[in-house]
Amino acid sequence: MSVRVLIVDDSGFFRRRLSAIISSDPELSVVGTANNGQEALEQVKLLKPDVITMDIEMPLMDGITATRKIMAQNPTPILMLSTWTTEGAKSTLDALDAGAVDYMPKRFEDISNDKTIAQQQLCQRLRNLAKKTTTPTFKNKIIIEPTIQIPSKKTSSHLLSQDLRIVVIGTSTGGPVALQKILTQLPANFPYPILLVQHMPSTFTPSFAERLNTLCSIQIKHAADGDQLNPGTAYLAPGGMQMLLKGSASMPFIEIQASQSTQTYKPSVDITFDSVAKIYPKQTLAIILTGMGSDGKNGCQTLHDLGSSIWAQDEKSSTIYGMPMAIAKAGLADGVFDLNRIGIHLAELT
Amino acid sequence: MAALDSDDEILQDFLVEAEEILEGLNEQLVELETKPEDSDLLNSIFRGFHTIKGGAGFLSLDAMVGLCHKCEDLFNLLRQGDKEVDAEMMDTFLKVLDILNSMFDETKSGEFPTPADPTVLNQLSAYLTGDATVTEEPVPEVEAEPEPVAVTTATDSDDITDDEFEALLDQLHGDSAPGIESSKSEEKPVPTATAPEKSDSDDITEEEFEALLDELQGKSPAAKPETVAEPTAKPEPTPAAKPKAKVDATPAVKKSDPAAKPAATAKPAETTVRVDTSRLDDIMNMVGELVLVRNRISTLETALEDEEMAKAVSNLAVVTGDLQTAVMKTRMQPIKKVFGRFPRVVRDLARSLKKDINLELRGEETDLDKNLVEALADPLVHLVRNAVDHGVEMPDIREAAGKPRQGQVILGAAQEGDHILLTISDDGAGMDADILRGKAVEKGMMDEEAASRLTDSESYALIFAPGFSMKAEISDISGRGVGMDVVKTSISKLNGVIDIKSEVGVGTTLSIKVPLTLAIMPTLMVMLGDQIFAFPLVSVNEIFHLDLEKTNIVDGQQTIMVRSKTLPLFYLRKWLASTFNDTDEPRIEHVVIVNVGTQRVGFVVDQLIGQEEVVIKPLGALLQGTKGLAGATITGDGRIALILDFPELMASYAHRGY
């Protein structure tokens, strides 16, 4: 049975384009379209689609409000189609906040110069998102019992080397929501610096860092070249660049490098983790959260081999169980936790 | 640059939507001037630019994307109340709209739009950065360099990184790009924007630098896709999922056609179908033929006196009538399509004339035939410009005359039976009939005596005479004396009539009456000798019997008195019938009073047949271009009737004096 998609966009032109692209995928079928958020609500009720593509700017009811209402009434995975600008970043993050699972640029050139590839990616994302029947949101207050694959008596500290110096987190699809969930649980006196690598376009990361900073007790900073590491501060890798840890264990600092065209991910979890492994080979806690693909696997392998600890998010709480799965399958994970549990365990490190 | 495939369905789809939005923006932007803080309006303008940008982005029309992007950003600030619209900004927006329209036309004709004038883009950027005083030229000093960068980054938000900027600088020196990249990755990126050019500034000439600045500023739309795409390219191609994504994406494989979905999924917007107007014309033509057949059958039926037949025929008549209406409706478009451009026309004109004018549109929703909408556009523009230019006075003069400084121009449309009434009225100075009469004498159009006999409304009609201009000096807007007669001719061609009412000091109202459709015309059938002629019913004023002894000769022209008005009388049979015999003139004749322009004229005809709806058929090659004939049609009894074109008829025959 094919995945049933609802398209929400106020531009007829775009609705028809999206319909054509989505219908060209044999596994997807467009069951309906809506001109605005209001119509989207009705359509969702009527058609019960498996996944929704949502525009942000629409008359009568915008995509963010519609997302919030849909998630309250008929929770459905929603893919935001937004513009990748600074303004777009703000509204896209708002939409994620409202419960949207993922986002794609409206301008396909933003993903790939080859339109066909971009269109295939859109279809692939929709298929992946549809597989998740429920999606964790910020509003989701229910704490799902953790799937702990380790003896439950062990506290998190047992999983770690005694001399922990840094926490590094890598994530992709679903990451903004997951990171917010984890980081908001940490107290201001969290004793370690944190490096965050979230796959995100360059226009999004500054807004994202700012948003996290206002929500969290710990400091969140959009990492800049030359930043010194402070405890209780998380450094978000800038989009489109690579974040490396340089210096020595006693005087580490952040280096921001331009990314090479050969690099698939900008920022890349692997690159950051590898650089961290050189400074803190044994004293690192690396966490891989939800995301498509397997970025972070090589970096975790390096860290794991050197003696650092690796945690991975579990399948149930992951928006996309790709990156954490790569870690779990490679046997690198010292712990596989539910998203809520990761935050709790981290907070226990204080 | 490679041409666009203008037949491409996607492109056409975009153009249809963009055209609607552009028309909307045109109105909304003018409206914005009066309601600069209307948040609904700001939102909808924002969305307009946003949607065009989205579509243009899809088609890689980068010039359009760049321009819309800046406008979108600016309107985002406006709608958030971070900025306020001022008159200068309005001018820029309207300039932008003009550019967008020309880009649209370029796209329509299959070319990639040319990038917008950098000065406009710079101006927009300046509004965005809050620096309204930015000059049109980039400042040549090297120290000024951070500013243009800031301009670019503010809109494209960090798209141009220091490194990229550096690369640009390097490119100016002819360095090969790969070389830079490798060296760059090793050295630490320079944290400030000024640093890269400090090291390079020695070997860069001022011209080169200016060129670079121009490139950065002017070509930012072109640079955008590249810079945005690079940092974000190819996120997460899961190796496992990849084979799936490679599934052949041709329509042949698609299992599910959106059109084949259950009715519940159909949305209003998707139920429309684009139909070529020529196809509609064909259908209209065939319906026309059907109307003729119906007329023929109903004529035959009257001879049969069969009740069943009569029923069937009357049924046929009803169905044909409905079909005719339905087909006509498919060709209907709201007059809004034409009216929509007027707020802008009036605004621009009023601004350039330094007048204060408020345009009111009434009955924008009135539907009329698509061909008519198009045909009316130019005459209406001309008349509205005239109202603004000649009609409404300067604010000071208005004030002195005890009127509000702001002049009113009202453009109205309404359906009245089977025709459309369009009115253009202003509350300006009005027309002075005596001045017009004087002008006519001065121009040698008639002698003083003839001029003094003109009624007021006949004097007003003088403005439609070729070469007649009311304006003392010629402006570039109107007053060249060409145009009004062209307006007149175009309206006549549509079987329309123009009427002028004016009062000195109070204002002028021009009324245009045009039939709802051009294809089917109600006519009055008359006989001249043994030949049938059709008078367009819209011009027919009244019919009566006339005792020919009651006519007078004035200036060698036979005239009749109708309700104490003297009208010229013409014997149509003398003009048109071949079997005319001068000797046996009956004493009592049928006279049809016809409106020709603003004049009324009496025509003597032999017999009156009655009203009939006819389908206008063009004349055959032999008769093509015959003066005074609008076309031909087939009557209910299967004969051919010629349809008269009165203005032309008068022009070619009236000087004969009989």
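Each value in this text was obtained by applying a stated rule to the coordinates, not by laboratory testing. The shown structure was predicted, so the numbers you read here are calculated from the model rather than taken from an experiment. Cβ: placed from backbone, ideal geometry, glycine included. Neighbour counts: every protein chain shown.
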Between B:ASP418 and B:VAL554, what is the spin-label point distance in nm, taking each point 7 Å from the Cα along the Cα→C-beta axis? 3.3 nm
Considering amide H positions built from the backbone, and no H for Pro or chain starts, which residues 5 or more places from A:GLN283, or on another chain, come under 5 Å of its amide H? none
Taking a ≥ b ≥ c as the square roots of the eigenvalues of the Cα gyration tensor, with a/c under 1.5 meaning rounded and otherwise prolate when a/b exceeds b/c and oblate if not, the stretch B:520-656 is prolate
Test of understanding: what is the full-extension gain from B:VAL506 to B:VAL441, defined as 0.36 nm times their sequence separation minus their Cα-Cα distance? 20.8 nm
Expected output is a single nm value to one decimal: the length gained when fully extending between B:ASP637 and B:LYS565, i.e. 0.36 nm times separation in residues minus the C-alpha distance. What is it? 22.1 nm
Evaluate the Debye formula for the stretch A:9-79 with equal point scatterers sitting on the alpha carbons, no solvent, and hand back log10 of I(q)/I(0) at q = 0.20, 0.22 Å⁻¹, in q order, two decimals. -0.77, -0.93
What spacing in nm lies between the two simple spin-label points modelled at B:LYS493 and A:LYS246, each 7 Å away from Cα in the Cβ direction? 7.4 nm
Mean-square fluctuation maximum in Gaussian network of chain A, Cα pairs under 10 Å, restricted to A:ALA237, A:ALA66, A:ALA100, hits A:ALA66
Helical mean residue ellipticity (222 nm; -39500 (n - 2.57) per DSSP H run of 4+; nearest 500) of chain A: -10500 deg cm²/dmol
Estimate the FRET efficiency between B:GLN12 and B:SER652 by the formula 1/(1 + (r/R0)^6), using the beta-carbon distance for r and 45 Å for R0, to the nearest 0.05. 0.50
Which whole number gives the average, over all residues in A:33-40, of C-beta atoms from other chains lying within 10 Å of the residue C-beta? 2
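Given axes a ≥ b ≥ c from the Cα gyration tensor, I'd like to know whether the stretch B:15-55 is rounded (a/c under 1.5), prolate (a/b larger than b/c) or oblate.
Oblate.
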Relative to the longest principal axis of the C-alpha atoms of chain A, give the angle of the C-alpha long axis of helix A:12-23, reported between 0 and 90° and rounded to the nearest 10°. 70 degrees
Which order do peptides A:226-233, A:118-125, B:287-294, A:7-14 fall in by mean Cβ count within 10 Å, highest first? A:7-14, A:118-125, B:287-294, A:226-233
Ordering of B:44-52, B:641-649, A:243-251 by packing [mean C-beta count within 10 Å, highest first]: B:44-52, B:641-649, A:243-251
B:SER60-A:ASN230 pseudo-label distance in nm [points 7 Å out on the Cα-to-Cβ vector]: 4.7 nm
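Just for the stretch A:169-290, what percent of DSSP beta bridges are antiparallel, to the closest 5? Kindly include the intermediate steps, with their values, before the conclusion.
On the way: 8 of 20 bridges.
Around 40 percent antiparallel, to the nearest 5.
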Value of D in µm² per second that Stokes-Einstein yields for the stretch B:347-515, Kirkwood Rh from Cα pairs, at 20 °C (1.002 mPa s): 129 µm²/s
With r as the distance between the Cβ atoms of B:LEU323 and B:GLU365 and R0 = 22 Å, compute the FRET efficiency 1/(1 + (r/R0)^6) and round to 0.05. 0.35
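Looking only at other chains, what is the average number of their beta-carbon atoms within 10 angstrom of each beta-carbon in A:194-203?
Working: counts 0, 0, 0, 0, 0, 3, 3, 7, 9, 7.
Taking the mean over all residues of the peptide, I get 3.
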Starting from the Cα-Cα distance between B:HIS545 and B:ASP485, subtract it from 0.36 nm times their residue separation and give me the gain in nm to one decimal. 18.2 nm
What list of ³J(HN,Hα) couplings, whole Hz, do you get for the stretch B:448-456 from phi and the Karplus terms 6.51, -1.76, 1.60, once you set θ to phi - 60° and write x for glycine and proline? 4, 5, 4, 5, 5, 7, 5, 6, 4
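How would you order B:447-457, B:543-553, B:629-639 from highest to lowest mean count of nearby Cβ atoms within 10 Å? If you can, show how the numbers build up before the last one.
On the way: B:447-457: 13.6, B:543-553: 11.9, B:629-639: 18.0.
Going from most to least packed, we get B:629-639, B:447-457, B:543-553.
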Taking every residue in B:48-57, how many Cβ atoms of other protein chains lie within 10 Å of its Cβ, on average? 5
Note the angle between two axes, namely the Cα long axis of helix A:205-215 and the longest principal axis of the Cα atoms of chain A, as a number of degrees from 0 to 90, rounded to the nearest 10. 70 degrees
Identify, among B:GLY610, B:PHE533, B:MET561, the residue whose Cα sits farthest towards the positive end of the charge dipole of the stretch B:520-656, taking +1 on the Cβ of Lys and Arg and -1 on the Cβ of Asp and Glu, with the dipole about the Cα centre. B:MET561
Amide H neighbours of A:ASP225 under 5 Å, counting only residues 5+ apart in sequence or on other chains, H built in-plane at 1.01 Å? A:ILE256
For the stretch B:281-292, Karplus couplings with θ = phi - 60° (6.51, -1.76, 1.60), whole Hz, Gly/Pro x: 4, 4, 4, 4, 4, 5, 4, x, 4, 4, 4, 5
Show me, for the stretch B:357-374, the HN-Hα J-couplings you get by feeding each phi into the Karplus relation (A = 6.51, B = -1.76, C = 1.60, θ = phi - 60°), rounded to Hz, glycine and proline as x. 9, 10, 9, 10, 10, 10, x, 4, 7, 4, 8, 8, 3, 3, 4, 5, 4, 5
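With all distinct Cα pairs included, what does the Kirkwood hydrodynamic radius of the stretch B:277-330 come out to in Å, to one decimal, could you say?
11.8 Å
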Measure nothing fancy, just the Cα-based angle from helix A:297-306's long axis to the longest principal axis of chain A, in degrees from 0 to 90, nearest 10. 10 degrees
